[in-house]
1. Would you please name the trypsin sites (Lys or Arg not before Pro) within segment 1-95 that are DSSP coil residues with at most 14 other C-beta atoms within 10 Å of their C-beta?
2. Take the alpha carbon gyration tensor of segment 2-43, find the square roots of its eigenvalues, order them as a ≥ b ≥ c, and report rounded if a/c is under 1.5; if not, report prolate when a/b exceeds b/c, else oblate.
3. Give the longest segment of the chain that steers clear of GluC sites (Glu not before Pro) in DSSP loops with at most 10 neighbouring Cβ atoms within 10 Å, not counting the sites themselves.
4. Tell me, in nm to one decimal, what length is gained between D95 and K7 on full extension, where the rule is 0.36 nm per residue of separation less the Cα-Cα distance?
5. List the chymotrypsin sites (Phe, Trp or Tyr not before Pro) in the chain that DSSP assigns to loop (not H, G, I, E or B) and whose Cβ has at most 16 other Cβ atoms within 10 Å. Which are they?
6. Given charges of +1 on the Cβ of Lys and Arg and -1 on the Cβ of Asp and Glu, with all other atoms neutral, how large is the dipole of segment 2-68 about its Cα centre, in debye to the nearest 20?
7. Treating the chain as a set of equal point scatterers at the Cα positions, no solvent, please give the Debye-formula log₁₀ I(q)/I(0) at q = 0.16 Å⁻¹.
8. Could you pull out every one of the lysines with an alpha carbon less than 19 Å from that of K80, ignoring same-chain neighbours closer than 8 positions?
Amino acid sequence: ERKAFTKASRFIATNIDPTIDPCKDFYSFACGGWLRRHAIPEDKLIYGIIAAIGEQNEEKLQRLLLQPVRRPYLASAERKVKEFFRSCLDIAEIDR
């Protein structure tokens, strides 16, 4: 628990902009440090920490869904979800 607290406090400290008055512009205060260190990708009109976290979560989820099924029994929720996800990627079958 202490490690998680230390990690969270470091994350906050590195991502705030202490030069901004939070009563005037809380978003810039809270995210200004992160925004200074991360450029907007060329394929995006806007970009922020929430979008970056969403992209990271999407990548992690895709990696998990592409891993082999560990619980192959018929009623396994893991098997059902992974097979459904993979069926969406099977373009040849979709085009039939």
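Values in this text are rule-based calculations from the coordinates and carry no lab data. Here the structure is a predicted model, which is why all the values come from computation and not from measurement. Every residue, glycine as well, gets a Cβ built from its backbone with ideal geometry; the counts of neighbours run over all protein chains shown.
1. Those satisfying the criteria are K24, K44, R70.
2. Oblate is the answer for segment 2-43, as a/c is 1.5 or above yet b/c matches or exceeds a/b.
3. The longest such stretch corresponds to 43-96.
4. So the extension gain works out to 26.9 nm.
5. Here the sparse-neighbourhood loop sites are Y47, Y73.
6. The calculation lands at about 480 debye.
7. Each listed q maps to, in turn, -0.86.
8. Within the straight-line limit of under 19 Å, K80 reaches these lysines: K60.
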